[in-house]
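The values are calculated or read from the model by the stated rules, or taken from the named source; none is laboratory data. The structure presented is a predicted model; accordingly, all values stated were derived computationally and were not measured. So basically every Cβ, Gly included, is an ideal-geometry build from the backbone, and we count neighbours across all protein chains shown. For the accessible areas, the whole protein counts, side chains as well, though only heavy atoms, and no ligand, DNA or RNA atoms are used. Shrake-Rupley method; radii C 1.70, N 1.55, O 1.52, S 1.80 Å.
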Amino acid sequence: MTHGSSRRRAPRRTRTAITVAAAGALAAAAALAFSPTAQAADTLGGAAAQSGRYFGAAVAPHLGEADYESTLNREFSSVVAENAMKWDATEPSPNQFSFSGGDELVAYAKEHGKSVRGHTLVWHAQQPGWVQGLTGDALRQAMRNHITKVAGHYTGQIDSWDVVNEAFEWDGSRRQSNLQKQLGDGWIEDAFRTAKAADPKAKLCYNDYGTDGINAKSDAIYRMVKDFRARGVPIDCVGFQSHLASNSDLGTYRQNLQRFADLGVHVQITELDVGGSGTAQANVYRQVTQACVAVARCNGITVWGVTDKYSWRAQETPLLFNDSYQKKEAYGAVLAALNSAAS
Ligand code: 9MR
């Protein structure tokens, strides 16, 4: 009421000024609200930020290449190391850690105001040789120590960690990795609890591929996440890698994200790439982006590389920038879908 009474006591001249200023502010707000072009962002990161999301890229050691770095700087608001934070890179021999690649990326991200996804603490692939030979309790201790030291090293600097990667088969059974065979079903839960103790603030994710709809594999992961949530096992997010093709069937893609989100976890598209070209490729990118922005708890999308040139699927030209860093049709589709979520 103070505000109202002081306005009532204001001399006429001031009242007029207030009214004119208020009308101006209203007109500006109206222009923003009714003119989508006035607020459409022209970068992926900027467009995603309008609805509170990040748009990231996997980064390989090409930051010295001017076009690579300028594209990454300009377009992406999140980064993940394509390989540098994996077990073989970070602990090449027992309890001897090597963080240089990951540290460089984290320093780059800090300098450029980008968030960081951590990939990945435990995976059946890219294990150093010494881990592959371990059995029983020695493997359990090695896994716990690895998580504790790596997540501990980066504590407070990682937005989301892929704690466990690719632990299920297509039919929904557990992948028969060394971890599964040596440690039994409890190893995934053990990994999440250990990660929580090492970095209590990061979102802790389970990450997998082939989960691009409702199928036997995503059903099994869904049951695991539901069980973890019910028993208080610390899991905060599920990553959907989404290595796709131009003819991928995305009929239940959004519905699948939504059912996970309904368990109270965030969902993230973590390794998106789509083999193909032109409109067919752009349409798949559009559908994935639209699905994410339609799900409130889908808080970010990461593409698995900056340019086709360095993609692990380079022959299939699966990314948003071509070999010469030109924007592809798929880029426009993603940008428009992100912008439409903002209005
Ligand atoms: O893109 C990564 C490639 O450079 C590595 O050689 C490969 C090793 O297995 O891993 C690739 O990234 C994978 C990611 O870590 C997990 N999901 C599948 C990705 C593509 O293979």
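No other residue among 162, 190, 212 is part of a strand (DSSP E or B) and in contact with a Leu (Cβ under 9 Å, 6 or more places away or on another chain) apart from 162. Candidates in the stretch 211-246 are the residues that are within 16 Å of the ligand (Cβ to nearest atom) and open to solvent by 10 Å² or more (accessible area, probe 1.4 Å); of these, the one that is farthest from the chain's Cα centre (by Cα) is 245. For residues that are part of a loop (DSSP other than H, G, I, E, B) and at pLDDT 50 or above, scanning just the stretch 22-53, find the one that is farthest from the ligand (Cβ to nearest atom). The selected residue is 40.
The residues of the stretch 295-327 that are in a loop (DSSP other than H, G, I, E, B) and of a type in the set (Ser, Thr, Tyr), listed by number, are 311, 317, 324, 325. Within the stretch 130-174, the residues that satisfy the criterion of being open to solvent by 60 Å² or more (accessible area, probe 1.4 Å) and within 16 Å of the ligand (Cβ to nearest atom) are 132, 169, 170. Residues in the stretch 268-283 that are more than 12 Å from the chain's Cα centre (by Cα) and buried (at least 24 other Cβ atoms within 10 Å of the Cβ): 273, 274, 281.
Applying the set (1) assigned to a loop (DSSP other than H, G, I, E, B); (2) touching a His at 6+ places or on another chain (Cβ under 6 Å) to residue 200 leaves exactly one unmet item: (2).
Pairs are defined by a Cβ separation below 8 Å, a sequence spacing of at least 6 or placement on different chains, a first member in the stretch 181-199 that is more than 19 Å from residue 149 (Cβ to Cβ), and a second member that is among the polar types (S, T, N, Q); the pairs so defined are 182/135.
Would you be able to tell me the number of residues in the stretch 247-269 that are assigned to a helix (DSSP H, G or I) and either of a type in the set (Lys, Arg) or in contact with a helix residue (DSSP H, G or I) (Cβ under 7 Å, 6 or more places away or on another chain) (or both)? Result for the stretch 247-269: 6. Evaluated against (1) in a loop (DSSP other than H, G, I, E, B); (2) within 27 Å of residue 78 (Cβ to Cβ), residue 171 falls short on exactly one condition, (2).
Do we find a residue being outside any helix (DSSP H, G or I), hydroxyl-bearing (Ser, Thr, Tyr) and more than 30 Å from residue 288 (Cα to Cα) anywhere in the stretch 134-152? Yes, there is a match, as at least one residue in the stretch 134-152 is outside any helix (DSSP H, G or I), hydroxyl-bearing (Ser, Thr, Tyr) and more than 30 Å from residue 288 (Cα to Cα).
Taking the numbered list (1) touching a Gly at 6+ places or on another chain (Cβ under 8 Å); (2) closer than 22 Å to residue 170 by Cα in turn, residue 229 passes all entries but (2). Among residues belonging to the stretch 297-343 that are open to solvent by 20 Å² or more (accessible area, probe 1.4 Å) and of a type in the set (A, V, I, L, M), point out the one that is nearest to the ligand (Cβ to nearest atom). Only one residue tops the list, namely 314.
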